[in-house]
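The values are calculated or read from the model by the stated rules, or taken from the named source; none is laboratory data. Owing to the predicted nature of the structure, the values given are computational and were not obtained by experimental measurement. All Cβ positions, glycine included, derive from the backbone under ideal geometry; neighbour counts span all protein chains shown. Please note that ligands, DNA and RNA were not included when accessible areas were found on the heavy atoms of the full protein model with its side chains. Shrake-Rupley method; radii C 1.70, N 1.55, O 1.52, S 1.80 Å.
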Amino acid sequence: MVSESSQRPSSTPFKRLGKVVYRRRKVVLVAWIVALVLVIPIISNVGKVTSLQQGSATGNQLESVKAADLVAAQFAKSVPNSTLLIVISADNVSSAATQRLVRELTSSLKSNTTIVGLNQTVDVYSRLYAAISGVNIGAYSARDGANATLRPLYGVPALYLGIWSGAFNSTHDVNASNNIAYQNAGATLSSANATAYQHYTSFMLTDFNDAWVASWSNSTTSGLSFGARAAYAADVADRAFIASHYAGPKPFAEGLTRSITFGDFLNETKAQFSSSLGVFAVHYVSVSSGFSETFVDAAYSLGPSPDNESLYALAGNVVADPKGYAVDPGLASLISSFVSPGRDTTIVSLGLNTGGTPNLLAVRWIVAHVYSQSAAAGLAAPQVTGQDAISNDFGTSTQQDLDLILPVTLVLLIVATGLFFRSLLTPFITLGTIGVALGISQVFIVIVGTYVAKVDFTIPTILLTVLIGVGTDYSVFVIARYREERVRGLSVQDAVETSVTWAGESIATSGATVIISFLSLAFTSVVYLRTMGFVVGFGVLVALAVALTLVPAIIGMVGGRAFWPNSGKRFERYSASVLSKLEKKSGYFSRSGSFAVRNSKALIIVALLVSVPAIYVYSTTTPTYDFLSAAPSNLESVSASNQLTDSFGGGRLSPTYVILTFDHAIVTGHSFDSSSMGQVDELSTHLAQSADIRNVSGPTRPFGEQVNYAAINTSTAEGQRTFNKVLQSIGKDNSTALITVNLAIDPFSTAAIADAQAIRQYAHANYDSAQGVTGVYVGGASGSILDTKNVFDAQFNSIVPIVAVGVALVLLVVLGSLFLPVFAVLSVLMSIIWTLAVTRLVFAQYFNYQILFITPFFLFVTLLGLGMDYNVFILTRIREEATKGRSLDDSIVGAIEQTGGIITAAAIILAGSLGALMLSSDLLLKQMGFAFAFSILIDALVVRTYLVPAVMQFMGKWNWFSPIPYLNRSHSLYERDKKFGA
């Protein structure tokens, strides 16, 4: 056997590192402890820099980002900074019980001082109560006003005619009767109310007397009957009086005299006259307010000063059947926005100037308290959703997942390493060093969250599992090489130095590929991947540094007790057993290595045949872009969001925005620019025609239906309401128009993304060059996810090849071979394709969930690093064995013998730690955990154990070929195998 010293390079960076670490082992230990203590104050701020960031993209050049900036700057009042929605479900939300709950909720929310920045509370019933009450008051005011108006208009002529009839019956003289009637009526009126007589009844008396007297001498009217003459004179007098002396609104009096004639006044009974007054009041209020006569009549029918129960009952009826009450567009829009078509869900919307967890918790406490006081049969507990609610619930859920995943992962680590090393102490050496790496790595969460972007709630969990996995792998490889050298009889110092020399090179190479992979994510525009890349990439760097320094330092201090209780005589017996098995080649990995060498061509063909259907399954997979659907459905905000989607369509919670900007004002005074409004209307009409869009609102569709904006009459209440609603969709600069699109489908679905793309293409094709238009932007939920998809697709096609090339270059430098790096990358890619195909089938079948769009990208990039671990370990070991003078076949089998057990153990630990993510209630983490575990296990147990040896045996001398003189570390092996025809 060649001496061990001759097998090791005389001087390499890792050999020098091993010597330094062993000599300064106590200093190394203290330095890491001090570093951990120093970062504790910093990592206490982790909770302040985490939030829900999944799926969003960054970059001011993105159209959706520009749209969001415009919405925030121009429409702050109509689109609040933060919105919470209280979702109320019931058998019938128009019921008295639901109304009572809504009233108590809104009252409690408005009066609660712990909610900061509450600027609006909107629900269907508050506005409906106000409308009904206002109409009722208006109708009875109109009725009373009509009655008061008819007193002079018809009461004075009636008094005159009564006196005239008596006088004429006595005198039979028209002129005398005219004088008597005029004088006596004046006296009566003056005596009854001198003030009224002075200000208006005297004028009405004079106007009627003049018309009455003139009718006798007018050839047109001289032959009229008494009744017809009276009606004629009253009509002439009324018009003269209203024109000259009536103090109230003239249209009111004119409409009144058209609705109720003098003959009606004289001939109707009191009840009939009262009914006529009511009919007029209803009609007048309907015309002046814009509400339908049906709706106004229903409010009028409640009677003057109706009790609340009657008011609530009518409101419930209107909500249940708005068409039956012919409600106006404003109320129809209100009801359709806040009450589901099935009448089983209603919403209370809270607009907040500031968001955050304190406000959310305060709102939820109020909701729970109010519900507990007013719960009724058929009324489910209200749920709160909105971006702040979803973010908070995701964070809480992720922390609960972490509380489960961490102990499971730690137990797996302890058990697996304990069994592999047959030691009770070794697992805690590994665990302690990983703990140091984890603790220090938390500082990167704070740094990235402070200076780059908020870190998603799930990333600390991913950091935990990745560092436990790779940290254990690196530590195990160092300790395993140390044990191997101790089995061969080396001293503690020589074993430590040798483990760092050989295993150090392998794990440094592997760590470099992992770090390159994760840091490449930092150059994406997807916030989730970008922040993960920084945090995990630097975390792996710390874990690698710990494995190269702290692990060998602790082993050097513990010495022969590192594998206690398998130490002393026990370790000697164990060493003898291991050497005997290696000599006899009786282990599983000896047999698997020999099998792969003997059947290399068959194994390669099988691998290619398996890859064909896997590639087909992956290539035909349509990914999902909906992070929310991956969340646990039992989260309050998610459950409420699902209820909203089911009841209102996906756009209710997450609308899409289309924004047009102009080079001129849209509105001047009460007049709209026809050019810009015409363009907005044309675009809105086009959007409304899509089957996937539930409704479109904007300047020309303030209530979701098209209005004649040019004919809005702001002198009426209806016109003013419509005008104000239009202004809500026009920006503060008066040159920006907002069109809100509520989709009937999931706004994050593939269909919605296609719709957003179609909207964007149509808008730019038709309005980019339109006169007066300076900008067109499609944003909101679907617009944002469309940009994320476009950015992601572009970066996937650029970053994955860059990572692959980067990893291959690292391997080229380390291995000194042209073929091996290429094969290593291709073999990992093959494992990933197999994994994605199986993941797609498993999650579609058992979870009804497609592959999330970031999963393939994440796997390709990270597993090019993580999955390269075992490639590096086995390839460097095969090269090491070959440099000892062994043949290629013997080197392959020997490397498999030596590394098979450790690779399997490391793979089980890494797959177990990352696979623990499957315990998460979030399908995103569950899917990543499954994909990681499957890929790592298939890579280690199949690809590295069988396929890598088979391919290397098949390639022979070409394994070591390198045309680059400065990277020909394996050139001697190439020449040797070439000579022997390998």
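Ignoring any ligand, DNA or RNA, what whole percent of the accessible area of the chain comes from carbon and sulfur when the probe is 1.4 angstrom?
Working: 23130 of 39590 Å².
That fraction is 58 percent.
Return the tail of the calculated pair distribution for the chain, meaning the percent of Cα-Cα pairs more than 49 Å apart.
46
More than 22 angstrom separation, counting every C-alpha pair in segment 605-711; what % is that?
Cα-Cα pairs of segment 605-711 separated by over 22 Å account for 58 percent.
If you add up the charges near I447, with Lys and Arg at +1 and Asp and Glu at -1, over every other residue whose beta carbon is less than 13 angstrom from its beta carbon, what do you get?
+2
Go through segment 727-743 residue by residue and turn each phi into a ³J(HN,Hα) via Karplus (6.51, -1.76, 1.60, θ = phi - 60°); whole Hz please, and just put x for glycine and proline.
Taking θ as phi minus 60°, the curve returns 4, 5, 9, 10, x, 4, 7, 6, 9, 10, 10, 10, 10, 9, 10, 9, 7 Hz for segment 727-743.
Relative to the Cα centre, what is the charge dipole magnitude of the chain, using +1 at the beta carbon of each Lys and Arg, -1 at the beta carbon of each Asp and Glu, and rounding to the nearest 20 debye?
5600
Based on DSSP, what percent of beta bridges with both residues in the chain are antiparallel, to the nearest 5?
Of all bridge pairs located within the chain, approximately 95 percent are antiparallel.
Calculate, for H172 and A711, the FRET efficiency according to 1/(1 + (r/R0)^6) with r their C-beta to C-beta distance and R0 51 Å; round to the nearest 0.05. Don't jump to the answer; show the numbers that get you there.
Details: r = 59 Å, r/R0 = 1.15.
Once rounded, the FRET efficiency stands at 0.30.
Multiply the residue separation of A326 and R258 by 0.36 nm, subtract the distance between their alpha-carbon atoms, and state the gained length in nm to one decimal.
Extending this stretch completely gives an extra 22.0 nm.
Pick out, from G704, G775, V408, the residue whose Cα sits farthest towards the positive end of the charge dipole of the chain, with +1 on the Cβ of Lys and Arg and -1 on the Cβ of Asp and Glu.
Checking the options against the dipole of the chain, the answer is V408.
If packing is taken as the mean number of other Cβ atoms within 10 Å per residue, what is the order of 350-357, 325-332, highest first?
Result, highest mean Cβ count within 10 Å first: 325-332, 350-357.
Averaged over every viewing direction, what's the projected area of the C-alpha convex hull for segment 402-560? Give it in nm², one decimal, please.
9.0
Compute for segment 725-832: radius of gyration divided by Kirkwood radius, i.e. Rg/Rh, restricted to C-alpha atoms, rounded to two decimals. If you can, show how the numbers build up before the last one.
Values: Rg = 22.8 Å, Rh = 18.0 Å.
Reported Rg/Rh (Cα atoms, Kirkwood Rh): 1.27.
Going by amide H atoms built from the backbone, whose H comes under 5 Å of the H on F961, apart from near neighbours?
When sequence neighbours closer than 5 places are left aside, the close amide H contacts are L818, F819.
Taking amide H positions as placed 1.01 Å from N in the peptide plane, with prolines and chain starts having none, which residues 5 or more places from G775, or on another chain, fall under 5 Å of its amide H?
T661
Rounded to the nearest 0.05, what FRET efficiency do S305 and K250 have when you use their Cβ-Cβ distance and R0 = 30 Å?
FRET efficiency, S305 to K250: 0.55.
For T221 and D91, calculate 0.36 nm times their separation in residues minus their Cα-Cα distance, and state this gained length in nm to one decimal.
Result for the pair: 40.0 nm of gain on full extension.
Residue by residue through segment 448-454, which ³J(HN,Hα) values in whole Hz follow from phi under the Karplus form 6.51 cos²θ - 1.76 cosθ + 1.60 (θ = phi - 60°), with glycine and proline marked x?
So the Karplus estimates, Gly and Pro as x, are 5, x, 8, 10, 10, 5, 4 Hz.
How do 260-269, 644-653, 336-345 rank on mean C-beta neighbours within 10 Å, highest first? Provide the component values of the computation, followed by the final result.
Numbers: 260-269: 15.8, 644-653: 22.5, 336-345: 18.7.
Top to bottom by mean Cβ count within 10 Å: 644-653, 336-345, 260-269.
Counting pairwise Cα distances across segment 245-297, what percent come out greater than 14 angstrom? Please report the intermediate quantities before stating the final value.
Details: 787 of 1378 pairs.
Within segment 245-297, distances greater than 14 Å cover 57 percent of Cα pairs.
Relative contact order, percent, of the chain when contacts are C-alpha pairs under 8 Å separated by at least 6 residues? Don't skip to the end; give the middle numbers.
Values: 1521 pairs, mean separation 181.4, N = 982.
Normalised by residue count, the contact order of the chain is 18 percent.
What length, rounded to one decimal in nm, is gained on full extension from Y451 through to T774, with 0.36 nm per residue of separation minus their alpha-carbon distance?
Here the segment from Y451 to T774 would lengthen by 112.9 nm.
Put +1 on the Cβ of each Lys and Arg and -1 on the Cβ of each Asp and Glu in segment 129-306; which of L266, G134, V296 then has its Cα farthest toward the positive end of the dipole?
It is G134, whose Cα lies furthest towards the positive end.
May I ask for the equivalent-ellipsoid semi-axes of segment 840-886, computed as the square root of five times each C-alpha gyration tensor eigenvalue and listed largest first in whole Å?
38, 12, 5
Note down the relative contact order for segment 439-506 as a percent, whole number, built from C-alpha pairs under 8 angstrom at least six residues apart.
With pairs under 8 Å counted, the relative contact order is 22 percent.
When the helices in the chain are scored as -39500 (n - 2.57) per DSSP H run of 4 or longer and the sum is shared across all residues, what 222 nm value do you end up with, to the nearest 500 deg cm²/dmol?
Value at 222 nm, helices only: -22000 deg cm²/dmol.
Say the dipole of the chain comes from +1 at the beta carbon of Lys and Arg and -1 at that of Asp and Glu; which of S165, A933, G560 then lies farthest toward its positive end?
The residue sitting farthest along the positive end of the dipole is G560.
Against the longest alpha carbon principal axis of the chain, how many degrees, from 0 to 90 and to the nearest 10, is the axis of helix 600-619 turned?
10
Per residue, how much space in cubic angstrom lies within the convex hull of the C-alpha atoms of segment 144-286?
In segment 144-286, the Cα hull volume divided by residue count equals 111 Å³.
How far, in degrees from 0 to 90, does helix 636-648 lean away from the longest principal axis of the Cα atoms of the chain, to the nearest 10?
50
Between Y846 and W564, what is the FRET efficiency for a Förster distance of 60 Å, r being their Cβ-Cβ separation, to the nearest 0.05?
For R0 = 60 Å, the calculated efficiency reads 0.85.
Could you tell me the accessible area of Y946 in Å² (1.4 Å probe, neighbours in place), rounded to the nearest ten?
50
Post the alpha-carbon centroid distance, segment 480-526 to segment 901-922, in whole angstrom.
About 19 Å separates the Cα centre of segment 480-526 from the one of segment 901-922.
Taking the Cα atoms of segment 714-773, what is the range of coordinates along each of the three principal axes, in descending order and whole Å?
On the principal axes, segment 714-773 reaches 46, 31, 17 Å in Cα extent.
With every protein chain kept in place and ligands, DNA and RNA left out, what is the accessible area per residue of the chain? Probe 1.4 Å, answer in Å².
With all protein chains present, the chain gives 40 Å² per residue.
Read phi for every residue in segment 683-694 and hand back ³J(HN,Hα) as whole Hz from Karplus 6.51 cos²θ - 1.76 cosθ + 1.60, θ = phi - 60°, with x for Gly and Pro.
Whole-Hz 3J(HN,Hα) from phi for segment 683-694: 5, 4, 5, 4, 5, 5, 7, 6, 5, 7, 9, 6.
Over the Cα atoms of segment 648-789, what is the Rg over Rh ratio if Rh follows Kirkwood? It would help to have the intermediate numbers written out before the result.
Numbers: Rg = 14.9 Å, Rh = 15.3 Å.
Result for segment 648-789 is an Rg/Rh of 0.98.
Please report, in debye to the nearest 20, how large the charge dipole of segment 129-306 is about its Cα centre when each Lys and Arg carries +1 at its beta carbon and each Asp and Glu carries -1 there.
120
According to a simple spin-label model (label point 7 Å from Cα along Cα-to-Cβ), what is the distance in nm between V46 and N112?
3.1
If the only charges are +1 at each Lys and Arg Cβ and -1 at each Asp and Glu Cβ, what is the size of the charge dipole of segment 698-820 around the Cα centre, to the nearest 20 debye?
Numbers: 6 positive and 8 negative charges, 37 e Å.
With Lys and Arg at +1 and Asp and Glu at -1, about 180 debye.
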